[in-house]
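The values are calculated or read from the model by the stated rules, or taken from the named source; none is laboratory data. The shown structure was predicted, so the numbers you read here are calculated from the model rather than taken from an experiment. Note that each Cβ is placed from the backbone with ideal geometry, even for glycine, and that neighbours are counted across all protein chains shown. What goes into the accessible areas is simple: the full protein's heavy atoms, side chains included, and nothing from ligands, DNA or RNA. Shrake-Rupley method; radii C 1.70, N 1.55, O 1.52, S 1.80 Å.
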Amino acid sequence: MLLKIKNCLPDQYAHDSDRQHALENLIMSSAFRHNIIILDTKTIESILICDMYNTNIKNYTHDIRSYRREYAGIANTLSTHAVVDFNYEGDICAFEKGKPIIKVSYKYFIDPKNLGPITLLTENLEDFKLYNIITEYYSHSISDHKLNFSFDFSLGGGSQIKTMFDNIKNAKKLVLCIVDSDKYHPNMAEGSTSSPFSKEDRENIDGSLAYIIDMREIETLIPTNIIQKIAIEKKLDEQIESLDDITTFTSIEGQFRKFFDHKKGLTLKEAIHIDNTYSSFWLDILAKKTIFSSKSCLQDKECYGCNSCPKIIGFGDKILRHSIEKMQQSNLRRLSVDQDILNDWITIGEIMIGWGCVPAGQRSRSS
């Protein structure tokens, strides 16, 4: 994360060990490439000429000065950044109403445990990996800044993720959480994983943010050309045909993939039950294909148990893992992302870069 340091007087901390340690830890955070630290020129010069700071700290400060021109002006273009105020004695809090700025006391950085990257809480490791792929693509193919990023992964464990989020939040730690909505119809409520997150959780009120992706599952974010490559390589003829159907249905209804179960697929029976519960959506789409529209149960919106229920075949429980492996082997800058998910990739990338941006280059050397 980009951290702007405010009201810092390095030469006055000879008898203020808390502020001195906080400042040194912030500088170390930059050296380790955990956060971007922005110091004003007066503060930088004060550190460099002050005897109480050792050679390593001064060398790391030179590094901060070297990248200051590149990063100092980007704060307001990021989805969020933090201001570390050396006059502020409180906890982490919202800095300005209506602005995505987090105000943090210098006290937060007295503890060396807070030097690391911001915590990213996801349901599982594969989700974390896909969000990182999305952010790398965004940073290098879309964003003007081409920023690097880093996060400390924390496992949410599905239904436990809200509890994990609250525990981190109550410990006064900065945390970003990303989960999908589990919605399989536009009119249904969010599922049990995302629904417990409050309005405040979703608004970055106090240095924590829960971002809910408005789609059933993370597999929706997989580019179809990646799924196609996997299906062709594994000679999955049914899945190749299914992908053609998905492409057709998405051209008819842009929200198709948002609510489709990419792992298990969708039967006509399931579509009838869902639409009868939440109103027409799936049946209007499926009616465009003869294998579905020829069935009287679609026309009557009632399942007659014919034992020959047509289905859009899913891609199996391992499609996310296989897709991640395929993208990790690919040149992400040349990745083709479908238009129906591109905006979601951009939004996730913007949020992730705001919370996780770090200085470019290798870890700073002390000499």
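Descriptive notes on the structure:
- Filtered residue count, region 216-240, keeping only those that are touching a strand residue (DSSP E or B) at 6+ places or on another chain (Cβ under 7 Å) and exposed (fewer than 15 other Cβ atoms within 10 Å of the Cβ): 1
- Being open to solvent by 30 Å² or more (accessible area, probe 1.4 Å), touching a Gly at 6+ places or on another chain (Cβ under 9 Å) and modelled with pLDDT under 95 is a property that K162 lacks.
Quick grid of which residues meet (1) touching an Asp or Glu at 6+ places or on another chain (Cβ under 8 Å); (2) among the hydrophobic types (A, V, I, L, M, F, W, C); (3) assigned to a loop (DSSP other than H, G, I, E, B):
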{"position": "E238", "(1), (2), (3)": "no, no, no"}
{"position": "D245", "(1), (2), (3)": "no, no, no"}
{"position": "R257", "(1), (2), (3)": "yes, no, no"}
{"position": "L266", "(1), (2), (3)": "no, yes, no"}
{"position": "I274", "(1), (2), (3)": "no, yes, no"}
{"position": "T277", "(1), (2), (3)": "no, no, no"}
{"position": "I285", "(1), (2), (3)": "yes, yes, no"}
{"position": "K288", "(1), (2), (3)": "no, no, yes"}
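- Counting only residues that are assigned to a loop (DSSP other than H, G, I, E, B) and more than 19 Å from T135 (Cα to Cα), region 215-234 holds 2 of them.
- Candidates S198, S208, S181, S194 - the one that is among the small types (G, A, S) and at pLDDT below 95: S208
- Tallying residues that are surrounded by fewer than 16 Cβ atoms within 10 Å (Cβ to Cβ) and outside any loop (DSSP other than H, G, I, E, B) within region 195-214 yields 2.
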